[in-house]
Amino acid sequence: MSQSSVDDALVGYRRFHRALLNSTARKWRDLDISMQQVRAMHVLRDEGEVAIGRLTEVFGFGMPAASLLADRLVRAGYAERRDDLADRRRVLIRLSRAGDRLMTELIEGSQAHMRRWMSSLSNDELDTVARAWNLMAKAAGEREKATV
């Protein structure tokens, strides 16, 4: 692996990422939520209903900050919270219908652009893209396991 090959791959990634961001910019610009709130919504979408303490684990901050983050999502209508019936000291949070709908729109919007772009590729080019992304996912997964 040469450094120039890595640099070339990163240039291609940045160009792709910039195009993807530009294609979804209008939707993101119209949102009135922070990036941290979007990240929390991703956690809720991926994991379902979680204890607020889970947000402290994911973000690395204390319970008061996690509660404030949850409160902002609830006030915005993107999440619902409730007491844990098994342990009254715990508060659970999950995406509301509006939050799930927003996450679906954001994810599907990006995927729609990517599908359109991919449809312009030949089968061989698309196979190359699929192999490259699967290799990157594998490398990232192995790296994540090593840091845990």
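The length gained by stretching the chain between residue 65 and residue 36 to full extension, at 0.36 nm per residue less their Cα-Cα distance, is 9.3 nm. Phi-derived couplings, Karplus 6.51 cos²θ - 1.76 cosθ + 1.60 at θ = phi - 60°, listed residue by residue for segment 40-51: 5, 5, 5, 4, 5, 5, 6, 10, x, 5, 9, 6 Hz, with x used for Gly and Pro.
Seen against the Cα atoms of the chain and their longest principal axis, helix 123-147 is set at about 50 degrees.
With the gyration tensor restricted to C-alpha atoms of segment 1-129, the semi-axes of the equivalent ellipsoid amount to 36, 18, 14 Å, longest first. Relative to the longest principal axis of the Cα atoms of the chain, the long axis of helix 3-30 lies at roughly 50 degrees. For segment 59-113, dividing the convex hull volume of the Cα atoms by the residue count gives 107 Å³ per residue. Placing dummy labels 7 Å off each Cα toward the beta-carbon, the span from residue 104 to residue 75 is 2.8 nm. When the helices in the chain are scored as -39500 (n - 2.57) per DSSP H run of 4 or longer and the sum is shared across all residues, what 222 nm value do you end up with, to the nearest 500 deg cm²/dmol? The helix contribution divided over the chain gives -25000 deg cm²/dmol. Within 10 Å of each residue's Cβ, count the other Cβ atoms and sort 78, 13 from fewest upward. In order of increasing Cβ crowding within 10 Å: 13, 78.
The modelled label-to-label distance for the pair residue 112/residue 83, using points 7 Å beyond Cα in the direction of Cβ, is 4.3 nm. Ordering 83-94, 102-113, 65-76 by mean Cβ neighbour count within 10 Å, with the highest value first, yields 65-76, 102-113, 83-94. Segment 68-125 and segment 12-57 have Cα centres separated by 8 Å.
Once both labels are positioned 7 Å from their Cα atoms along Cα-to-Cβ, the gap between residue 51 and residue 11 label points is 5.0 nm. The relative contact order of the chain, computed from alpha carbon pairs under 8 Å that lie at least 6 residues apart in sequence, is 21 percent.
Taken together, the values in this text are just the output of simple stated rules run on the coordinates, not laboratory data. Remember, it's a predicted structure, so these values are computed and weren't measured experimentally. Glycine gets a Cβ as well: all are built from the backbone with ideal geometry, and neighbour counts include every protein chain shown.
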